[in-house]
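Trainee: Here it is, the structure in full.
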Amino acid sequence: QNFTHTHPTTRTQSSLYLTTKTLPLDEQDLEDVKTLTDASVSSKHITNFLNERTGA
């Protein structure tokens, strides 16, 4: 059993946290994400922002 974040997870679940897909982001998207991160915007809002930008 692995501990990812603050809760116990199985090995499969924890490996999913480490698996990433490349997003089709341009330089402006990257700058916008940096700005959102600097402003302490929640990760949920950043995810929603990226989903809107990428059409996901």
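Trainee: First select every other residue whose beta carbon is under 14 angstrom from the beta carbon of residue 30; then total the charges, Lys and Arg +1, Asp and Glu -1.
Mentor: -4
Trainee: Describe numerically, in nm with one decimal, the distance between label points set 7 Å from Cα along Cα→Cβ at residue 31 and at residue 45.
Mentor: 2.1 nm
Where a number appears in this text, it was derived from the coordinates with a stated rule and is not lab data. A quick note: this is a predicted structure, and the numbers were derived from the prediction, not measured. All Cβ positions, glycine included, derive from the backbone under ideal geometry; neighbour counts span all protein chains shown.
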